[in-house]
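> I have a structure I would like to understand better, so I am pasting it below and will then ask my questions one at a time.
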């Protein structure tokens, strides 16, 4: 794994509860494809009925030790079976092995263009599998598919992931309904991370020239990511054109994967420690500061609902990690607030101060928190 911020130390009984919650959700999310492959859907309540690339990545990356190891690589291959001739990877693959390339229902996709995070998540998924099992041969047998997928990610002359304002498409999957354009922060962070992981895997296999090439691909991102940083607020902005707004999730993640400097990470951590309901409610995190809504959307959502103002625990662990750089107790308290919701209600996809919570039994909400903590 690439170097990241330390996990937040919590009470053993809380860690055990999170791990048990993840085990139960993973068991409930497991389904068999028509060909017998074990698939893990994003939730246990039947809302998302396919295997999503990014969701499966988060499961393996943050809770892979709770999955049967013999089911992970077939799951990866199930997703890779949907790769197009141009290298494009599916957003998800259905139970009947039909790949779907755009978010939203099959008959009403958000865009005809690929999302700009599928390739990065597939790389992260493969790296997480190798890290878990030591099966470097699995990577070597599939590396050309990963390289072809990475070549489909659109980038600007700055080396950052780019979405044409005239042809908007889904960016990072947990904002797939948001029409960010220009250079986009979160997918650029994921691109840098994927390049680093590919370089590490190649180096481990002694493919040193290929490792060098991937480190070179990562370099422009690390040099140019500063263009998203807003010094007045100490946070990163989501995109350079449409939706040039403060990105709470992206700011935390930049700190976690150490793209942000140590000073920037502490500033981000301090912001969250002091933010209160400007950013946090019951330990769950808003995409934007409270009162703000995305300027452009690919799908219409009411204010304070779903990706347009609800609060999520998918990034709560990342936020706790950056908070811990300035206040360990505040970070533990954040996790405690999340667990209170899980214990008294459910593990939701998101919650709202105005609307009903969405999708109980949402797996990434739990696995992502698990990956950020230790006992």
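> Any chance you could count how many residues in segment 102-113 are surrounded by 13 or more Cβ atoms within 10 Å (Cβ to Cβ) and either closer than 20 Å to residue 34 by Cα or in contact with a helix residue (DSSP H, G or I) (Cβ under 8 Å, 6 or more places away or on another chain) (or both)? Spell out how you get there, then give the answer.
Kept after step one, since they are surrounded by 13 or more Cβ atoms within 10 Å (Cβ to Cβ), are these residues of segment 102-113: 102-104, 109-111, 113.
This time we only want the ones that are either closer than 20 Å to residue 34 by Cα or in contact with a helix residue (DSSP H, G or I) (Cβ under 8 Å, 6 or more places away or on another chain) (or both), so: 103.
Number of matching residues: 1.
> Looking at the structure I just gave you, is residue 64 modelled with pLDDT of 95 or more and either surrounded by fewer than 17 Cβ atoms within 10 Å (Cβ to Cβ) or in a helix (DSSP H, G or I) (or both)?
Working: modelled with pLDDT of 95 or more: yes; either surrounded by fewer than 17 Cβ atoms within 10 Å (Cβ to Cβ) or in a helix (DSSP H, G or I) (or both): yes.
Taking the combined requirement at face value, the residue satisfies it.
> Something else now. Would you tally the residues in segment 99-128 being within 17 Å of residue 174 (Cβ to Cβ) and assigned to a helix (DSSP H, G or I)?
From segment 99-128, those within 17 Å of residue 174 (Cβ to Cβ) are 102-104, 110-111, 114-122, 124-125; that's our starting set.
Imposing the further condition that a residue be assigned to a helix (DSSP H, G or I) reduces the set to 118-122, 124-125.
So the count comes out to 7.
> Restricting to segment 2-22, what's the tally of residues that are surrounded by fewer than 15 Cβ atoms within 10 Å (Cβ to Cβ), assigned to a helix (DSSP H, G or I) and in contact (Cβ under 8 Å) with a residue 12 or more places away in the chain?
Qualifying residue count, segment 2-22: 2.
> Within the group 96, 131, 137, 158, which residue is part of a loop (DSSP other than H, G, I, E, B) and farther than 25 Å from residue 223 by Cα? Before you say what the answer is, go through the steps one by one.
Numbers: 131 fails: part of a loop (DSSP other than H, G, I, E, B); 137 fails: part of a loop (DSSP other than H, G, I, E, B); 158 fails: farther than 25 Å from residue 223 by Cα.
Criteria check complete, one pass: 96.
> If you don't mind, another one. Can you pull out every residue in segment 78-93 that is part of a strand (DSSP E or B) and under 29 Å from residue 3 (Cα atoms)?
Taking segment 78-93 as the starting set, the residues that turn out to be part of a strand (DSSP E or B) are 92-93.
Once the filter is applied, which keeps residues that are part of a strand (DSSP E or B) and under 29 Å from residue 3 (Cα atoms), segment 78-93 yields only 92.
> Could you count how many residues in segment 257-268 are assigned to a helix (DSSP H, G or I) and either surrounded by fewer than 24 Cβ atoms within 10 Å (Cβ to Cβ) or more than 21 Å from the chain's Cα centre (by Cα) (or both)? Please lay out each step first, then the result.
Keep residues of segment 257-268 that are assigned to a helix (DSSP H, G or I), which gives 262-268.
If we keep only those that are either surrounded by fewer than 24 Cβ atoms within 10 Å (Cβ to Cβ) or more than 21 Å from the chain's Cα centre (by Cα) (or both) too, we end up with 262-267.
Number of matching residues: 6.
> I would also like to ask the following. Can you pull out the residues in segment 23-43 that are within 19 Å of the chain's Cα centre (by Cα) and in a loop (DSSP other than H, G, I, E, B)?
Within segment 23-43, 41, 42 meet the criteria.
> Scanning segment 42-53 for residues that are free of Cβ contacts under 8 Å to residues at least 60 places away in the same chain and buried (at least 21 other Cβ atoms within 10 Å of the Cβ), which turns out farthest from residue 73 (Cα to Cα)?
At the first step, the residues of segment 42-53 found to be free of Cβ contacts under 8 Å to residues at least 60 places away in the same chain are 46, 49-51.
Next, from what is left, pick out any that are buried (at least 21 other Cβ atoms within 10 Å of the Cβ): 50-51.
Working: 50: 17, 51: 13 Å.
It comes out as 50.
> Name every residue in segment 174-192 that is crowded, with 24+ Cβ neighbours inside 10 Å and in a helix (DSSP H, G or I), in order of residue number.
Hits for segment 174-192 are 175, 185, 186, 187, 188, 189, 190, 191, 192.
> Report whether or not residue 75 is under 26 Å from residue 179 (Cβ atoms) and either assigned to a helix (DSSP H, G or I) or in contact with a helix residue (DSSP H, G or I) (Cβ under 7 Å, 6 or more places away or on another chain) (or both). Walk me through it before giving the result.
Values: under 26 Å from residue 179 (Cβ atoms): no; either assigned to a helix (DSSP H, G or I) or in contact with a helix residue (DSSP H, G or I) (Cβ under 7 Å, 6 or more places away or on another chain) (or both): yes.
Spelling it out, it is not the case that residue 75 is under 26 Å from residue 179 (Cβ atoms) and either assigned to a helix (DSSP H, G or I) or in contact with a helix residue (DSSP H, G or I) (Cβ under 7 Å, 6 or more places away or on another chain) (or both).
The values are calculated or read from the model by the stated rules, or taken from the named source; none is laboratory data. A quick note: this is a predicted structure, and the numbers were derived from the prediction, not measured. Methodologically, a virtual Cβ is constructed for each residue, glycine included, from the backbone with ideal geometry; neighbour enumeration extends over all protein chains shown.
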